[in-house]
1. Quickly work out the residue 58-to-residue 76 label distance, labels modelled 7 Å from Cα along the C-beta direction, and quote it in nm with one decimal.
2. Between residue 96 and residue 144, what FRET efficiency comes out of the Förster formula 1/(1 + (r/R0)^6) with R0 = 30 Å and r the beta carbon distance, rounded to 0.05?
3. How big is the charge dipole of the stretch 38-110 about its Cα centre, in debye rounded to the nearest 20, if each Lys and Arg gets +1 on its Cβ and each Asp and Glu gets -1 on its Cβ?
Amino acid sequence: MRIAILIICALLASAINAAALDNRPIGMVKTATGDSAILREGQRLAALPGAQLFLGDQLATGPTGAMGVILRDETVLSLGPSSLTRLEHFAYEPAQGQLGMVLRVTRGLIEYLSGKISKLAPGSVRIETPVATLGIRGTHLLARIEP
């Protein structure tokens, strides 16, 4: 009976720890100009410098907007006017061998400068667009996605 209780407690602690890791910020807004916002769980939040970013956030800029972002692994993203990009997947736990990133770019201009994930696990970064998926193995990418 005691062993069963210990096992249940260990499983609950693991689940709580995993949930806490999922709620950690994955990056932050470094710069934002014009019409720039973070779309999170149905809410539109101002993209102010220092604002934390979480998995699932969408980064949106209007016709006069631009945004610069740095992620926890030191990846740098720059979004030009009329852009929409979702932070679909982000795993940066080198000690556990969990490395990967997926960005879903719906429209606009994006510049990507790779961080540690791409260096430690080449090929583990993808940028998805409405018409193609790009596997990133290099360090720098500039793309315009038109809907």
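1. Calculated label separation equals 2.7 nm.
2. 0.25
3. Around 280 debye, computed over the stretch 38-110.
The numbers here are math on the coordinates, done by the rules we state, and not lab data. All figures in this text were calculated on a predicted structure; none of them were measured in a lab. Neighbour counts are summed over all protein chains in view; Cβ atoms, including those assigned to glycine, are modelled from backbone coordinates with ideal geometry.
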